[in-house]
Amino acid sequence: MKFTLSWLKEHLDTDANAATVADRLTAIGLEVEEVSNPAEALKPFRVAKVLSAERHPQADKLQVLMVDAGDGEPLQVVCGAPNARAGMIGVFGGAGTYVPGSDFVLKKTAIRGVESNGMMCSSRELQLGDDHDGIVELPADAPVGTSFADYAGLDDALIDVAVTPNRQDCMGVRGIARDLAAAGLGTLKPLSDVYRMASAPSGDGAGPDVRTDDPEGCPAFYAQAVSGVTNGASPDWMQARLKAIGQKPISVLVDITNFVSIDLGRPLHVYDKAKLTGGLVARRAKEGETVLALNGKSYALDPSITVIADDTQVHDIGGIMGGEDSGVSDTTTDVIIECAFFDPDHIARTGQKLGLTSDARQRFERGVDPAFLDDGLAIATWLVTEHCGGAPSGITRAGLPPLNERRVPFKPERAAGLGGIDVPVDEQVAILERLGFVIDGGEAIVPTWRRDVVGSADLVEEVTRIIGFDKIAAAPLPRADGVARATATRGQMIERRAHRAAAARGLDEAITWSFVTENDAALFGGSAFVLANPISEEMKHMRPSLIPGLATATRRNLDRGAASVRLFEVGRRYLADGERPTLTLMLAGERSERSWQDGKAKGFDAFDAKAEALAVLEAAGAPVGNLQLFMDAGETWHPGRSARLGLGPKMILAAFGELHPRIAKALDVPAGTVAAEIFLDAIPAPRSAERARAAFTPPALQSISRDFAFIVPCDLSADALVRAIKGADKALITDARIFDRYEGEQGLSLAIEVTMQPTEKTLTDAEIGDVSGKIVAAAAKLGATLRS
């Protein structure tokens, strides 16, 4: 939402400068994105007079001008503008001046052998319009030598405000002025002082033939005709307002609708009556109907879309964009002014379906004031008759706008308890009344332009933001018995530890969208939830996995020359049974770069993903020593190069491995890309309450290592063998790990190093032999025998 300071002051009686206005807007919840002033860039340009214009000796389309810029000595300038001539007044930029519209700095130079000391500028070069056919022509009485910015009155700050979707009332300059007035930055002027109409132009005779056959999509359709109008250029003040915010003036009839929409947040539309056949009706589109919109594109319609049509065709996508076929032109003499109310949800769905956005849609889908139809139509008609002439007709009011009075409980005591600021009741009442609320005993009547206020907590927010969120005193969170305790939940602590562990291991954190395309969601079983109001029609499925987002980030990094990509993300998977906190990691490219020792670069494999998953699980507090390996990882993973980690088949904590080739191809990542998913909400709570850990005391006795080589069945997992050996004597065996794998004549051999740690006395050979026997017996139960 853009507006200038002078435009704001048409509605707000204040002496505040732009900086003060910007600070106050941000303080009350209307974040200012930018404050700029076009005068700053144009101050070096001066009003200048062309003293003479002679043909360039080396170019037919160039002229050599002598220009008086107020410095006493005329300056020679080479110019190619067709309208350059002796005696004209224009805008001059000298050497060293930055030209904003062309993005370069002027220099003293020679053009075709003739010296040039600057340039006479066009509107486009000054960013004041699109005209580039000739240089700017000023009135003959323009004072030569003065700053063009001062002469043209361009010293007017432009303020750009980011309006959140719930603040539909601030989609107009008047709504923003109302908020500032409530915050004490001035006084809101009466609307009758802003639009100085002697009386509402009610007109004579019957109103235009309009009706609504779609009370759900268009509950109210008001209209007034004006005959005998003369369309042309809009007045200078209106053009200046529109140009300042980046809008291109078109004609006075079109500019009036744009101006009222921005000034008051009330979209309108004007039809050329001569181009209509019969009356206008708001109805649902018929299957197969199309409309050529004002943006020059044709749109296919269906019965879910509200349109404005006459007896023969559709002329308007209701509340979003008008049609070319009934648009006004220079020859228009009779018009119908539409002022309708469209259902916000219906507008949002239509805009999404058509992929069509407009200023009107932005306002209608937030919700315009349903009580402002009569006033909006009266203001528009008055502006038309003031600047285009003509005689207005009567007003047709078809349908009824939703004007149900809304009351919410007014509980002043909640300002301290919920908002954190103790505000006197009379001050709360005064703030709410300045915002348009009416306090009636224990209730507040909500103004029609505030559909976002639905409860007493909203009233607290209104009071608090006007007083200032910075006035809320900092207060510590409550502590039990005065003892400082951790305020994070167990789930939050698990996420925190897992996040730190992944980062500490050198993985780079990624933050990706929580929604994916339908095709990406289908790769992981489909999406349980579809957004009703997505940022784009493609990205509307809530992600069942974090892998698609990480795959996109991986591909982007590889495309930009990264040789090795190691990414992780902590986020939510959205499944039918709820949100699931997950840490997902992805490894692609080179694990180690090429070297003279190792030769070619080596890529990642499933064991790298397993190592990362185990490290994260251990840091998060999972009982890693009890984890089992399950080879059926699922359709996401390569069937022979992936597995799951769990405390049982029904308590899976992670899945890891190489992505299935089908998945990797669909996500456009290199074949062999590995990943891991750690299901943080599956990590079980410790069986006993966490206690302070005692200081580590190294064992007093030296550990003992023994190696065992077993011939094992081909279908026996190494994990199962290691766990069986560790369980052979839990008191003495502290570790077991595979250090060799060999296939020979006897079959598959796995070599395991077993560590025994005595605690009370040194083990004798007999005791070591007993433990060894237990190890061999435990392995034998799995079909493993000692290798001879």
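The values are calculated or read from the model by the stated rules, or taken from the named source; none is laboratory data. The structure displayed is predicted, hence computed values, not measured ones. Glycine gets a Cβ as well: all are built from the backbone with ideal geometry, and neighbour counts include every protein chain shown. Surface areas here come from the heavy atoms of the whole protein model, side chains and all, with no ligands, DNA or RNA. Shrake-Rupley method; radii C 1.70, N 1.55, O 1.52, S 1.80 Å.
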When the accessible area of the chain is computed with all protein chains present and a 1.4 Å probe, what percentage of it is carbon and sulfur? 49 percent
For region 1-103, what is the Kirkwood hydrodynamic radius in Å, using each pair of distinct C-alpha atoms? 17.2 Å
Calculate the length of the line joining the C-alpha centroid of region 368-446 to that of region 704-775, in whole Å. 81 Å
Separation of region 316-351 and region 569-611 by C-alpha centroid, Å? 53 Å
The extension gain from Thr290 to Leu748, computed as 0.36 nm times the residue separation minus the Cα-Cα distance, is 157.7 nm
Per 10 Å bin, what is the whole-percent P(r) computed from every C-alpha pair distance within region 529-595? 19, 38, 29, 11, 3, 0
Under the helix-only model (-39500 (n - 2.57) for each DSSP H run of 4 or more, divided by the residues of the chain), the mean residue ellipticity at 222 nm, to 500 deg cm²/dmol, is -7500 deg cm²/dmol
Considering only protein heavy atoms, what is the solvent-accessible area of Met493 at a probe of 1.4 Å, reported in Å² to the nearest 10? 50 Å²
I'd like the per residue volume of the convex hull spanned by the Cα atoms of region 152-234, given in cubic angstrom. 222 Å³
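Between Glu405 and Ser717, what length comes free when the chain is fully extended (0.36 nm per residue of separation minus the Cα-Cα distance, one decimal in nm)?
On the way: separation 312, 0.36 × 312 = 112.32 nm, distance 7.13 nm.
Stretched fully, the Glu405-Ser717 segment lengthens by 105.2 nm.
Sort 181-188, 243-250, 86-93, 139-146 for me by packing, meaning the mean count of neighbouring Cβ atoms within 10 Å per residue, highest on top. If you can, show how the numbers build up before the last one.
On the way: 181-188: 18.0, 243-250: 16.0, 86-93: 21.1, 139-146: 11.9.
In descending order of packing, they fall as 86-93, 181-188, 243-250, 139-146.
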Binning at 5 Å from 0, report for region 448-589 what percent of all alpha-carbon pair distances ends up in each bin. 2, 8, 12, 12, 12, 12, 14, 12, 9, 6, 2, 0
Testing the spin-label approximation: label points 7 Å from Cα along Cα→Cβ at Glu635 and Val530. State their distance in nm. 1.9 nm
How many angstrom separate the Cα center of region 154-220 from the Cα center of region 246-314? 20 Å
Taking the Cα atoms only, what angle lies between the long axis of helix 606-620 and the longest principal axis of the chain, rounded to 10 degrees? 80 degrees
Two-site label geometry, Glu538 and Glu518: point separation in nm, points 7 Å out along Cα→Cβ: 1.4 nm
Distance in nm between pseudo-label sites at Met651 and Trp237 (7 Å out along the Cβ direction from Cα): 7.7 nm
No solvent, one uniform scatterer per C-alpha: report log10 I(q)/I(0) for region 223-359 via the Debye equation at q = 0.16, 0.21, 0.22 1/Å, two decimals. -0.85, -1.38, -1.46
Percent RCO, i.e. relative contact order, over region 225-374, from Cα pairs under 8 Å lying at least 6 residues apart: 26 percent
Descending semi-axes in Å of region 608-650, equivalent ellipsoid built from Cα gyration tensor: 19, 13, 7
Length gain on complete extension for the stretch Asp311 to Arg662, per 0.36 nm per residue less the alpha carbon to alpha carbon distance? 120.9 nm
Please list, in order along region 510-522, the HN-Hα scalar couplings obtained from phi with the Karplus expression 6.51 cos²θ - 1.76 cosθ + 1.60 (θ = phi - 60°), rounded to whole Hz, x for Gly and Pro. 10, 10, 10, 5, 7, 10, 9, 6, 4, 5, 5, 5, 5
Report the Rg/Rh value for the chain, based on alpha-carbon coordinates and the Kirkwood definition of Rh. 1.12
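Under 29 Å between C-alpha atoms is the cut-off here; go through region 510-669 and count lysine pairs that meet it, provided they're at least eight residues apart or on different chains. Mind dumping the intermediate values first?
Numbers: Lys540/Lys665; Lys600/Lys610; Lys600/Lys665; Lys602/Lys610; Lys602/Lys665; Lys610/Lys650; Lys610/Lys665.
Number of lysine pairs found: 7.
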Just how much of Thr552 is accessible, in Å², when a 1.4 Å probe is used and the result is rounded to the nearest 10? 70 Å²
What pairs in Lys107/Lys248; Lys43/Lys243; Lys730/Lys774; Lys61/Lys108; Lys275/Lys297; Lys730/Lys781 have C-alpha atoms more than 22 Å from each other? Lys107/Lys248
Averaged per residue, what accessible area in Å² does region 545-653 show with a 1.4 Å probe, protein chains only? 50 Å²
